[in-house]
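Chemist: Okay, here's the structure, questions in a sec.
What follows draws every value from the coordinates through simple rules; no lab data is involved. This one's a predicted model, so the numbers in the text were calculated from it and none came from an experiment. Glycine gets a Cβ as well: all are built from the backbone with ideal geometry, and neighbour counts include every protein chain shown.
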Amino acid sequence: MNDIHILGIETSCDETAASVVKNGREILSNVVASQIESQKKFGGVVPEVASRLHVEQITLVIEEAMEQAGLQPEDLDAVAVTEGPGLVGALLIGVNAAKAFAFANGLPLIGVHHIAGHVYANRLDGGMEFPLVALIISGGHTELVYMERDGSFELIGETRDDAAGEAYDKVARVLGLPYPGGPHIDRLAHEADDAVEFPRARLEEGSYDFSFSGLKSAVINHVHNVRQKGQEVDTASVAAGFQESVIDVVVEKTVRAAKEKGVRQVIAAGGVSANKGLRAALGKALEKEGIRFSVPPLNLCTDNAAMIAAAGTSMYEADIRSDMALNGRPGMEL
Ligand code: KG4
Ligand code: ZN
């Protein structure tokens with residue numbers, strides 16, 4: 001069998017990324033130009049700024065990925081690009097770069113769902129065993145997906161309001177921590193001596209959906225009340241209480257879904273799966289059930305293009321192709 005080499009491109013949010021992956025498993029290059037430094041001063045991602053920075057970076061990032069892989073365009077089998085969901089202006093930069101590259105070099109084009117990318121990051125490290133449940137938890141997503149086999153996705157739960165990472169970032173901002181706030185809250189939670197008690201949003205009996213806006217408001221109210229009394233906010237114990245509430249609910253729902261579906265493996269993906277507390281709690285709960293738990297290394301948890309190339313390879317093998325009418329789809333469904 002011939003090797004399959006796929007160029008992946010990702011620009012859905014604030015990372016401009018390109019990567020070449022061999023056979024859906026082996027990373028030959030993985031270039032990520034992060035906009036975090038530029039977006040920091042705004043305390044979040046500003047869509048206009050994101051698009052402009054993608055335009056500046058995209059060609060360089062693709063060239064760098066090809067050079068590091070030591071390949072010429074004719075060595076490639078296809079170009080895979082994030083089609084959605086994401087910021088429309090940001091997606092369009094990647095999609096148009098991918099179309100131009102594919103057209104100029106006579107290569108097939110494959111539009112990839114960003115979340116499928118996060119899930120297939122696990123192929124690049126450790127592997128995927130079906131059936132599985134994937135927890136996708138990031139700044140834009142909090143979803144539970146059941147995969148009976150390769151390429152089949154069933155959305156079994158999602159957030160009804162904020163994504164978990166969004167709640168992390170907003171709580172961090174109220175606590176005066178830098179953007180993105182997730183890693184800072186994670187660190188403070190570990191340093192805390194005690195935790196402020198915040199509510200858990202479990203929703204209706206049996207539901208796999210999530211809700212984090214109530215928790216976020218509870219934290220904001222707590223902080224305002226303490227400050228109004230002229231007292232100092234104990235940042236670490238607020239961080240610890242917030243994180244405990246998130247982890248409790250996420251672990252409970254994920255483990256319940258895994259048991260109900262009788263899966264062999266649970267995969268975590270997305271920026272928040274870098275959270276140390278979450279990894280430990282989920283790992284422990286799944287170990288008790290005898291279910292394998294996998295979470296890719298940090299650089300593959302956060303947005304990158306290797307994961308898009310990995311998911312694109314699975315689609316390539318299933319003969320799925322896009323055409324030159326491919327467009328960015330901000331609200332794309334899995
Ligand atoms: O997957 P990602 O890079 O981008 C998308 O949102 O698609 O995720 C970024 C999110 C941010 O909200 C960031 O605060 C959060 O992941 N994050 C964390 C941690 N590291 C990153 N949240 C909690 N704990 C962490 N250690
Ligand atoms: Zn992402």
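Chemist: To the nearest 500 deg cm²/dmol, what mean residue ellipticity at 222 nm is calculated for the chain from DSSP H runs of n ≥ 4 alone, each contributing -39,500 (n - 2.57), summed and divided by the residues?
Modeler: Dividing the helical sum by the residues of the chain leaves -14000 deg cm²/dmol.
Chemist: Most exposed first by the Cβ proxy, i.e. fewest other Cβ within 10 Å, how do 11, 142, 302 rank?
Modeler: 302, 142, 11
Chemist: Let me ask something else. How would you rank 36, 185, 27, going from fewest to most other Cβ atoms within 10 Å of each one's own Cβ?
Modeler: 36, 27, 185
Chemist: A follow-up question, please. Using amide H atoms built in the peptide plane, which far-off residues or other-chain residues are under 5 Å from residue 158 H to H?
Modeler: Amide H to amide H, under 5 Å and 5 or more residues apart or across chains, residue 158 pairs with 144, 209, 210.
Chemist: Hey, another quick one. Set the Förster radius R0 to 51 Å, insert the Cβ-Cβ distance between residue 321 and residue 220 as r into 1/(1 + (r/R0)^6), and round the FRET efficiency to 0.05.
Modeler: Step by step, r from the Cβ atoms, then E = 0.60.
Chemist: Please compute the contact order of the chain in relative form: average sequence separation of alpha-carbon pairs under 8 Å and at least six residues apart, divided by the residue count, as a percent.
Modeler: So the answer I get is 26 percent.
Chemist: Using a simple spin-label model with points 7 Å from Cα along the Cα→Cβ vector, what separation in nm is obtained for residue 34 and residue 155?
Modeler: Output for this residue pair reads 2.8 nm.
Chemist: If you take the square roots of the eigenvalues of the alpha-carbon gyration tensor of the range 8-57 and sort them as a ≥ b ≥ c, do you get rounded (a/c under 1.5), prolate (a/b over b/c) or oblate?
Modeler: Judged from the Cα gyration tensor, the range 8-57 comes out prolate (a/c at least 1.5, a/b above b/c).
Chemist: Quick one: putting +1 on the C-beta of Lys and Arg, -1 on the C-beta of Asp and Glu, what dipole do you get for the chain around its Cα centre, in Debye to the nearest 20?
Modeler: The calculation lands at about 600 debye.
Chemist: Now, a different point. Karplus couplings for the range 275-292 from phi (6.51 cos²θ - 1.76 cosθ + 1.60, θ = phi - 60°), rounded to Hz, Gly and Pro as x?
Modeler: These are the phi-based 3J(HN,Hα) values: 5, 5, x, 5, 4, 5, 5, 5, x, 5, 5, 6, 4, 4, 8, x, 9, 5 Hz.
Chemist: So what's the gap between the Cα centers of the range 193-238 and the range 37-108, to the nearest angstrom?
Modeler: 38 Å
Chemist: I would also like to ask the following. Hey, can you grab everything whose amide H is under 5 Å from the amide H of residue 293? Only 5+ residues off in sequence or another chain; H modelled, so Pro and N-termini drop out.
Modeler: The list, which skips near neighbours in sequence, is 266.
Chemist: Also: Could you point to the residue in 192, 311, 31 farthest towards the positive end of the chain's charge dipole, with +1 and -1 charges on the Cβ of Lys/Arg and Asp/Glu respectively?
Modeler: It is 192, whose Cα lies furthest towards the positive end.
Chemist: Using the alpha-carbon atoms, what tilt in degrees (0 to 90, nearest 10) does helix 47-69 show relative to the longest principal axis of the chain?
Modeler: 50 degrees
Chemist: Where Rh denotes the Kirkwood radius from the mean inverse Cα pair distance, what is Rg over Rh for the range 178-242?
Modeler: Here the Rg-to-Rh quotient is 1.02.
Chemist: Another question, if that's okay. Based on the Cα atoms of the range 129-294, what semi-axes does the equivalent ellipsoid have, where each is the square root of 5 times one gyration tensor eigenvalue, given in whole Å with the largest first?
Modeler: Gyration-tensor ellipsoid for the range 129-294: 30, 15, 13 Å.
Chemist: May I ask you to compute the full-extension gain from residue 248 to residue 203, defined as 0.36 nm times their residue separation minus their alpha-carbon distance, rounded to one decimal in nm?
Modeler: 14.9 nm
Chemist: Further, regarding this structure: Sum up the lysine pairs in the chain that clear both bars: alpha-carbon distance under 15 Å and a spacing of 8 or more or different chains.
Modeler: Lysine pairs, 8 or more places apart or on different chains, close enough: 8.
Chemist: Work out from phi, with θ = phi - 60° and the Karplus expression 6.51 cos²θ - 1.76 cosθ + 1.60, the ³J(HN,Hα) of each residue of the range 314-324, listed in order in whole Hz, and give x for Gly and Pro.
Modeler: So the J values, rounded to whole Hz, are 4, 5, 4, 5, 8, 6, 8, 9, 9, 10, 5.
Chemist: Can you work out ³J(HN,Hα) from phi for every residue in the range 225-232, in order, using Karplus 6.51 cos²θ - 1.76 cosθ + 1.60 and θ = phi - 60°, giving whole Hz and x for Gly and Pro?
Modeler: Here the 3J(HN,Hα) series is 4, 5, 5, 5, 6, x, 9, 7 Hz.
Chemist: List every residue whose amide H lies under 5 Å from the amide H of residue 322, counting only residues 5 or more places away in sequence or on a different chain, with H placed 1.01 Å from N in the peptide plane.
Modeler: 109, 110, 111
Chemist: Counting other beta carbons within 10 Å of each residue's own, what order do 209, 150 fall into, fewest first?
Modeler: The fewest-first ordering by Cβ neighbours comes to 150, 209.
Chemist: On to the next question. Could you work out how far helix 182-191 tilts from the main Cα principal axis of the chain, as a 0 to 90 degree angle to the nearest 10?
Modeler: Roughly 40 degrees, rounded to the nearest 10.
Chemist: Which percent, to the nearest 5, of DSSP beta bridges fully inside the chain are antiparallel?
Modeler: 60 percent
Chemist: With the crude spin-label approximation of a point 7 Å out along Cα→Cβ, what separation in nm comes out for residue 129 versus residue 298?
Modeler: Placing both labels 7 Å along Cα→Cβ, they lie 2.8 nm apart.
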